[in-house]
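Engineer: Quick one: the structure is below, questions incoming.
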Amino acid sequence: LIIVILAGWPPSRNLALNPVGFRGNTSVTVLDQTTGLPLKDASTLLNGQKVLTDNNGIAAFKHIKLGNQKLIVQKVAFAPITKNESIGLGGNNLGKISLKAVGTQYKFTVTDYLSGKPIVKAEVSSGQASAFSDKNGKVVLTALSDNSASLPVTISASNYRNASSNLAVGSKATTAIQLVPSGKDIYVSNSSGHYNVYKSDIDGQNKQLLLAGTGNETANIGLIISPDNKESALVSSRDNIRDADGFLLSALTLINLGTGTPITIDHAEQIQLVGWSDTRIVYSETVAGTSAANPQRERIISYDYAKNARTTLATANQFNGAIAVNGNIYYAVSGTDPSAQPAFYKTGADNTGRQTILQKNIWTILRTNYNTFALQTSEGWYSYTLGAKQATQSNQPSNYTSFNFVDDQAGDKSLWTDFRAGKGTLLIHDIKTSQDTTAASQGGLTDPTRWLNANVVIYRISTQQETADYSVNLQGGTPKKITDVSPSFGINSGY
């Protein structure tokens with residue numbers, strides 16, 4: 001009865017529960033009084049525990065003694081606050097505390113390099129002083145002045161390259177900052193006389209040699225980048241290896257985009273890039289000259305760079321097309337080998353789920369839209385829809401264009417190019433709704449294309465005036481040139 005009575009009276013309850021180890025948890029949110037935004041790295045002290053606030057201005061405490069406790073909140077260039085707080089059992093949210101600025105305030109606007117739109121939650125910091133941008137990209141940084149003539153600041157945001165600036169101490173002007181997305185353009189250039197592979201930021205800055213050319217490369221070079229932007233697949237004659245007949249062989253080289261480390265995984269008379277499936281590069285190769293009946297003359301191979309594992313998906317005297325879609329490889333075995341069974345097949349890039357779709361001699365594979373293939377046979381045209389078990393007879397397509405689609409890493413959208421109104425057009429296909437939106441329209445716009453991140457894409461311009469890579473933000477803005485490049489082919493959509 002005495003315990004129950006004591007438990008009902010808070011001072012007595014805390015007096016009884018503290019000695020036997022009962023504790024409470026609590027948290028507090030610290031804000032800038034001027035902007036109402038969170039303050040990072042504010043020092044909070046409660047019951048002997050010192051905690052710095054996180055990016056959201058929150059300091060969380062655990063195992064605090066019950067009862068009245070003194071809370072002290074401090075940050076450089078702000079007036080400190082001391083409060084008494086009552087800590088009870090379980091969770092205790094102490095709410096929000098706003099600190100008044102006493103230092104010098106500096107103003108910034110932070111926007112995206114491509115779209116010009118404001119960047120939310122960009123951080124401007126100088127020493128121990130820091131502040132975040134609001135929904136309009138505006139930042140108010142409060143810092144203490146010293147004897148220096150300038151204030152060095154760093155501006156950072158997730159998925160962007162850091163920027164820096166030096167402000168005159170006491171400056172009242174608003175400083176405009178543009179942040180450049182942090183992904184890299186990967187390209188081939190022979191501006192030095194050799195076909196080198198480079199990477200650079202999308203404003204052309206921080207150019208870096210990834211793989212030096214050997215001088216043996218011909219102009220027939222292929223280059224595609226993995227969906228996770230970690231590896232590139234390069235097709236070239238860089239190794240200067242010839243077969244018994246003196247034919248110059250192509251090499252397939254994987255380049256780690258972080259370290260620049262190259263690994264040559266194959267040589268063949270001809271190598272064509274079919275596409276990526278997660279960490280697997282899928283390609284076809286021709287290993288011997290024309291023959292009437294050599295069932296091993298051509299191969300479709302899947303190589304998993306994460307596991308260093310090679311898998312042969314199919315062999316034939318000749319393939320009349322191979323296309324990678326959503327982790328599956330669709331290919332046509334030609335009837336040039338009298339002993340072969342010509343047909344249109346599907347298999348997973350991991351060599352599972354093999355399926356015969358149409359047992360006919362396929363002359364041509366066209367990807368006419370995201371979900372449909374047009375198949376030309378000696379008996380007419382057939383149509384195949386992704387996910388179906390069989391192809392069905394159809395009319396001849398209106399044109400013989402086969403489109404390349406490049407899915408984003410989330411699998412929600414896909415890039416493709418078309419020729420519309422006299423210009424190359426870059427389109428974004430929404431996979432769920434099947435709707436297309438135009439991202440850019442420009443003379444000479446063509447493949448290859450790739451996703452830099454969820455909002456930024458890179459595409460190629462090829463005209464008499466230039467061969468160059470451009471980037472555009474899908475949220476708006478004008479496309480911007482990255483750099484001049486040498487021509488290189490990407491994914492082969494049928495062949």
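The values are calculated or read from the model by the stated rules, or taken from the named source; none is laboratory data. All of these numbers come straight from a predicted model, not from anything done at the bench. Counting neighbours? That spans all protein chains shown, and the Cβs are built from the backbone with ideal geometry, glycine included. Protein only, heavy atoms only, side chains kept; ligands, DNA and RNA dropped before computing areas. Shrake-Rupley method; radii C 1.70, N 1.55, O 1.52, S 1.80 Å.
Engineer: Using a 1.4 Å probe on the protein heavy atoms, what percent of the accessible area of the stretch 170-315 belongs to carbon and sulfur?
Structural biologist: 44 percent
Engineer: Taking θ as phi - 60°, what are the ³J(HN,Hα) couplings along the stretch 312-324 by the Karplus curve (6.51, -1.76, 1.60), each to the nearest whole Hz, with x for Gly and Pro?
Structural biologist: Karplus values, whole Hz, x for Gly and Pro: 7, 7, 6, 10, 6, 5, 7, 9, 9, x, 7, 9, 9.
Engineer: Just from its helices, what would the mean residue ellipticity at 222 nm be for the chain, if runs of 4 or more DSSP H residues each count -39500 (n - 2.57) and the sum is divided by every residue, rounded to the nearest 500 deg cm²/dmol? Before the final figure, lay out the partial values.
Structural biologist: Working: 2 runs with 15 residues, N = 495.
That comes out to -1000 deg cm²/dmol.
Engineer: Ranked by accessible surface with a 1.4 Å probe, highest first, in what order do Ser164, Ser200, Ser125 come?
Structural biologist: The ordering from most to least exposed comes out as Ser164, Ser125, Ser200.
Engineer: Give me the dipole magnitude in Debye, nearest 20, for the chain about the Cα centre, with unit charges on the beta carbon: positive for Lys and Arg, negative for Asp and Glu. All intermediate terms of the calculation are to be shown ahead of the outcome.
Structural biologist: Working: 42 positive and 36 negative charges, 447 e Å.
It works out to roughly 2140 debye.
Engineer: Right, next: Let me know the volume per residue of the alpha-carbon convex hull for the stretch 68-120, in Å³.
Structural biologist: 122 Å³
Engineer: So how much slack lies between Asp228 and Asn369, counting 0.36 nm per residue of separation and subtracting their Cα-Cα distance, in nm?
Structural biologist: Gain on stretching Asp228 to Asn369: 48.3 nm.
Engineer: Additional query: Taking the Cα centre of the stretch 230-353 as the origin and placing charges on Cβ (Lys, Arg +1; Asp, Glu -1), which of Ala343, Gln296, Ser237 is farthest toward the positive end of the dipole?
Structural biologist: It is Ala343, whose Cα lies furthest towards the positive end.
Engineer: Place +1 on the Cβ of every Lys and Arg and -1 on the Cβ of every Asp and Glu in the chain, take the dipole about the Cα centre, and give the residue among Leu426, Gln464, Ile119 whose Cα lies farthest towards its positive end.
Structural biologist: Result: Ile119, furthest along the dipole toward the positive end.
Engineer: If you don't mind, there's one more thing I want to ask. Estimate the FRET efficiency between Thr433 and Asp243 by the formula 1/(1 + (r/R0)^6), using the beta-carbon distance for r and 51 Å for R0, to the nearest 0.05. The partial results should precede the final answer.
Structural biologist: Values: r = 49 Å, r/R0 = 0.97.
About 0.55, to the nearest 0.05.
Engineer: In Å², and per residue, what accessible area does the chain have when probed at 1.4 Å with the other protein chains present?
Structural biologist: Values: 23280 Å² over 495 residues.
The answer is 47 Å² per residue.
Engineer: Can you give the accessible area of Thr368 in Å² (nearest 10), computed on protein heavy atoms with a 1.4 Å probe?
Structural biologist: 50 Å²
Engineer: For the stretch 346-359, in order, what is each residue's ³J(HN,Hα) by Karplus, 6.51 cos²θ - 1.76 cosθ + 1.60 with θ = phi - 60°, in whole Hz (x at glycine and Pro)?
Structural biologist: 9, 8, x, 4, 9, 6, 10, x, 5, 8, 8, 9, 8, 8
Engineer: Evaluate the Kirkwood expression for the hydrodynamic radius of the stretch 342-462, namely the inverse of the mean inverse distance over all pairs of different C-alpha atoms, and round to one decimal in Å.
Structural biologist: Numbers: mean 1/r = 0.0628 Å⁻¹.
Taking every pair of different Cα atoms in the stretch 342-462, averaging 1/r and inverting gives 15.9 Å.
Engineer: Taking the Cα centre of the stretch 93-166 as the origin, how large is its charge dipole in debye, to the nearest 20, when only Lys and Arg (+1) and Asp and Glu (-1) carry charge on their Cβ atoms? The partial results should precede the final answer.
Structural biologist: Working: 8 positive and 4 negative charges, 53 e Å.
Magnitude of the dipole: close to 260 debye.
Engineer: In terms of modelled amide H atoms, which long-range or inter-chain residues lie less than 5 Å from the amide H of Asn404?
Structural biologist: Placed amide hydrogens put Thr417 under 5 Å from Asn404.
Engineer: Can I ask one more? Work from the charge dipole of the chain (Cβ charges, +1 for Lys and Arg, -1 for Asp and Glu, about the Cα centre) and give the residue of Gly443, Gly170, Ile265 farthest towards its positive end.
Structural biologist: Highest projection toward the positive end goes to Gly170.
Engineer: Where in the stretch 388-453 are there chymotrypsin sites (Phe, Trp or Tyr not before Pro) that are in a DSSP coil and have at most 15 other Cβ atoms within 10 angstrom of their Cβ?
Structural biologist: Working: sites: Tyr400, Phe403, Phe405, Trp416, Phe419, Trp451; in loops: Tyr400, Phe403, Phe405.
In loop regions of the stretch 388-453 (DSSP not H, G, I, E or B), the sparsely surrounded chymotrypsin sites (Phe, Trp or Tyr not before Pro) are Tyr400.
Engineer: Give me the base-10 log of I(q)/I(0) for the stretch 123-204 at each q in 0.11, 0.14, 0.19, 0.23 Å⁻¹, Debye formula, one uniform scatterer per Cα, rounded to two decimals.
Structural biologist: With one equal scatterer per Cα and no solvent, log10 I(q)/I(0) is -0.44, -0.60, -0.86, -1.11.
Engineer: Can I ask one more? Working out 0.36 nm times the residue gap between Gln74 and Asn25, then minus their Cα-Cα distance, what length gain in nm do you get to one decimal? Kindly include the intermediate steps, with their values, before the conclusion.
Structural biologist: On the way: separation 49, 0.36 × 49 = 17.64 nm, distance 2.06 nm.
Result for the pair: 15.6 nm of gain on full extension.
Engineer: Continuing with this model, one more query. First check a/c for the stretch 227-289, with a ≥ b ≥ c the square roots of the eigenvalues of its C-alpha gyration tensor; if it is under 1.5, answer rounded, and if not, answer prolate when a/b is larger than b/c or oblate otherwise.
Structural biologist: Details: a/c = 3.79, a/b = 1.72, b/c = 2.20.
Judged from the Cα gyration tensor, the stretch 227-289 comes out oblate (a/c at least 1.5, b/c at or above a/b).
Engineer: Between Gln296 and Asp41, with labels modelled 7 Å along Cα→Cβ, what's the label distance in nm to one decimal, could you check?
Structural biologist: The modelled label-to-label distance comes out at 6.4 nm.
Engineer: If you don't mind, another one. Using 10 Å bins from zero, what percent of all Cα-Cα pairs in the chain falls into each bin?
Structural biologist: Cα pair-distance distribution for the chain, in percent: 4, 15, 20, 18, 14, 12, 9, 6, 2, 0, 0.
Engineer: Just how large is the dipole of the stretch 20-132 about the Cα centre, in debye to the nearest 20, putting +1 at every Lys and Arg Cβ and -1 at every Asp and Glu Cβ? Let's see the in-between values first.
Structural biologist: Values: 13 positive and 6 negative charges, 58 e Å.
The dipole magnitude comes to about 280 debye.
Engineer: Could you report the accessible area of Ser86 in Å², rounded to 10, computed with a 1.4 Å probe on the protein chains as they sit in the structure?
Structural biologist: Probe radius 1.4 Å; accessible area of Ser86 about 80 Å².
Engineer: Okay, moving on. As a test question: what accessible area, to the nearest 10 Å², does Arg310 have when a 1.4 Å probe is rolled over all protein chains in place?
Structural biologist: 120 Å²
Engineer: Does the stretch 186-303 come out rounded, prolate or oblate by the C-alpha gyration tensor, with a ≥ b ≥ c the root eigenvalues, rounded set by a/c under 1.5 and, if not, prolate when a/b is larger than b/c and oblate if not? List each step's numbers first, then the result.
Structural biologist: On the way: a/c = 2.81, a/b = 1.55, b/c = 1.82.
Taking the square roots of the gyration eigenvalues as a ≥ b ≥ c, the stretch 186-303 is oblate.
Engineer: First measure r as the distance between the Cβ atoms of Lys50 and Ser158, then evaluate 1/(1 + (r/R0)^6) with R0 = 30 Å and state the FRET efficiency to the nearest 0.05. List each step's numbers first, then the result.
Structural biologist: Details: r = 27 Å, r/R0 = 0.91.
That gives a FRET efficiency of 0.65.
Engineer: Run down the lysines and flag those whose C-alpha is under 22 Å from the C-alpha of Lys481, throwing out any fewer than 8 positions away in its chain.
Structural biologist: Lys117, Lys184, Lys199, Lys207, Lys423
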